[in-house]
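**Student:** I have a structure here, written as structure tokens, and I will follow up with some questions on it.
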Amino acid sequence: MKVILFSNDVTFTDRYKHLLMNFSYEIIKDYNQLCVEAQKRNLIIIMDIDECKDELSMFLDPLIEQYAYLIILDSYPTYEKGKKLISVGIRAYGNLMMDDIHLKEAINSVMDGNIWLYPEFINETVSRMRYEANPHTIELKLDILTNRERDVALLVIEKLSYQEISEKLDISLRTVKAHTKNIYEKFNVSNRLAFLLLFNH
């Protein structure tokens, strides 16, 4: 799948084009040309939210209707903007200055047909969600984990932050992240929101 960087901002394109060396990519500056390209083939389009001007849905809808996968980057990402963008059909939303590894993760996730959201968005969603885990489901499903992974998983299910889990279990934040990565892989989910939804009744 081809990746398009859509921007007239040289700083933006210069920042990201070196990250895309492992992908088939192109830089497009004209919106009409972008729409034409989206009609020809499936694209992943990476753009700064400021390119969307004021009429967000009018700008994005023609691209989404052509089945383009949009990754929207924002200097000041917020939960409310992210929620709105996901509702109109974009596939990824994150910070304009995100680490290289996160952008690659977002692109790969979108290529696999998934939605990718920046970690703070997921944390905010988890904190807002009405959630009640089924105790019987928990016991049965956590059998595939090691004892330490199980300890971490139970605290994730209680909606503790990674920092709180680190403090409660007296392990480093890095270790918590390593355990959660293994846990999510074993459950075939990409983040803790998806993991929590496995246990919600």
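The values are calculated or read from the model by the stated rules, or taken from the named source; none is laboratory data. None of these values were measured; they are calculated from a predicted model. So basically every Cβ, Gly included, is an ideal-geometry build from the backbone, and we count neighbours across all protein chains shown.
**Student:** Among the residues of region 179-187, is there at least one that is within 30 Å of Met1 (Cα to Cα), without any contact (Cβ under 8 Å) to a residue 60 or more places away in the chain and β-branched (Val, Ile, Thr)? Give the steps one after another, and end with the answer.
**Tutor:** Within region 179-187, the subset within 30 Å of Met1 (Cα to Cα) is 180-187.
Next, from what is left, pick out any that are without any contact (Cβ under 8 Å) to a residue 60 or more places away in the chain: 180-187.
Of the ones still in play, those that are also β-branched (Val, Ile, Thr) are 180, 183.
Yes - at least one qualifying residue is present in region 179-187.
**Student:** Based on this model, can you work out whether Pro119 counts as within 22 Å of Leu198 (Cα to Cα), exposed (fewer than 15 other Cβ atoms within 10 Å of the Cβ), within 11 Å of the chain's Cα centre (by Cα) and not aromatic (Phe, Trp, Tyr)? Reasoning before the result, please.
**Tutor:** Numbers: within 22 Å of Leu198 (Cα to Cα): yes; exposed (fewer than 15 other Cβ atoms within 10 Å of the Cβ): yes; within 11 Å of the chain's Cα centre (by Cα): yes; not aromatic (Phe, Trp, Tyr): yes.
Criteria met by Pro119.
**Student:** Filter region 17-52 down to residues that are over 15 Å from Leu70 (Cα atoms) and within 23 Å of the chain's Cα centre (by Cα), then give me how many there are.
**Tutor:** Qualifying residue count for the region: 8.
Each row is one residue, and each column tells you yes or no for (1) touching a residue at least 24 places away in the same chain (Cβ under 8 Å); (2) touching a strand residue (DSSP E or B) at 6+ places or on another chain (Cβ under 7 Å).
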site: Ile46; (1), (2): yes, yes
site: Cys52; (1), (2): no, no
site: Glu55; (1), (2): no, no
site: Leu70; (1), (2): yes, yes
site: Tyr76; (1), (2): no, no
site: Lys84; (1), (2): yes, no
site: Val88; (1), (2): yes, no
site: Gly94; (1), (2): yes, yes
site: Met97; (1), (2): no, no
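**Student:** Name every residue in region 167-188 that is crowded, with 16+ Cβ neighbours inside 10 Å and under 15 Å from Pro119 (Cβ atoms), in order of residue number.
**Tutor:** Of everything in region 167-188, those that are crowded, with 16+ Cβ neighbours inside 10 Å and under 15 Å from Pro119 (Cβ atoms) turn out to be Val176, Thr180, Tyr184.
**Student:** Out of region 103-112, which residues are surrounded by fewer than 16 Cβ atoms within 10 Å (Cβ to Cβ), more than 14 Å from Val189 (Cβ to Cβ) and not polar (S, T, N, Q)?
**Tutor:** Listed by number, the residues that qualify are Lys104, Met111.
**Student:** Within region 18-28, take every residue that is outside any strand (DSSP E or B) and closer than 25 Å to Lys81 by Cβ and give me the one that is modelled with the lowest pLDDT. Write out each step before concluding.
**Tutor:** Of the residues in region 18-28, the ones outside any strand (DSSP E or B) are 18-24.
Narrowing the set further to residues that are closer than 25 Å to Lys81 by Cβ leaves 19-20.
Details: Leu19: 81, Leu20: 85.
Among those residues, the one meeting the criterion is Leu19.
**Student:** Sort through Asn32, Asn8 and tell me the only one that's at pLDDT 85 or above, more than 17 Å from Met111 (Cβ to Cβ), among the polar types (S, T, N, Q) and surrounded by fewer than 15 Cβ atoms within 10 Å (Cβ to Cβ).
**Tutor:** Working: Asn8 fails: at pLDDT 85 or above.
One residue alone meets the criteria, Asn32.
**Student:** Does Leu5 meet the test of being under 23 Å from the mean Cα position of the chain (by Cα), farther than 19 Å from Met58 by Cα, part of a helix (DSSP H, G or I) and hydrophobic (A, V, I, L, M, F, W, C)? Give the derivation first.
**Tutor:** Working: under 23 Å from the mean Cα position of the chain (by Cα): yes; farther than 19 Å from Met58 by Cα: yes; part of a helix (DSSP H, G or I): no; hydrophobic (A, V, I, L, M, F, W, C): yes.
So Leu5 fails the test.
**Student:** Could you tell me whether Glu65 is modelled with pLDDT under 85 and either in contact with a strand residue (DSSP E or B) (Cβ under 7 Å, 6 or more places away or on another chain) or of a type outside the set (Lys, Arg) (or both)?
**Tutor:** Details: modelled with pLDDT under 85: no; either in contact with a strand residue (DSSP E or B) (Cβ under 7 Å, 6 or more places away or on another chain) or of a type outside the set (Lys, Arg) (or both): yes.
So Glu65 fails the test.
**Student:** Within region 53-67, count every residue that is surrounded by fewer than 17 Cβ atoms within 10 Å (Cβ to Cβ), of a type outside the set (S, T, N, Q) and more than 19 Å from the chain's Cα centre (by Cα).
**Tutor:** Total meeting the criteria: 9.
**Student:** Among (1) closer than 30 Å to Lys2 by Cβ; (2) in contact with a His (Cβ under 8 Å, 6 or more places away or on another chain), where does Glu120 come up short?
**Tutor:** Result: Glu120 fails condition (2) only.
**Student:** I'd like to check something: does region 117-138 contain any residue that is β-branched (Val, Ile, Thr) and either modelled with pLDDT of 90 or more or at positive phi (or both)?
**Tutor:** As a first pass, look at region 117-138 and keep what is β-branched (Val, Ile, Thr): 122, 125-126, 137-138.
The next check asks that each one be either modelled with pLDDT of 90 or more or at positive phi (or both); those that pass are none.
No.
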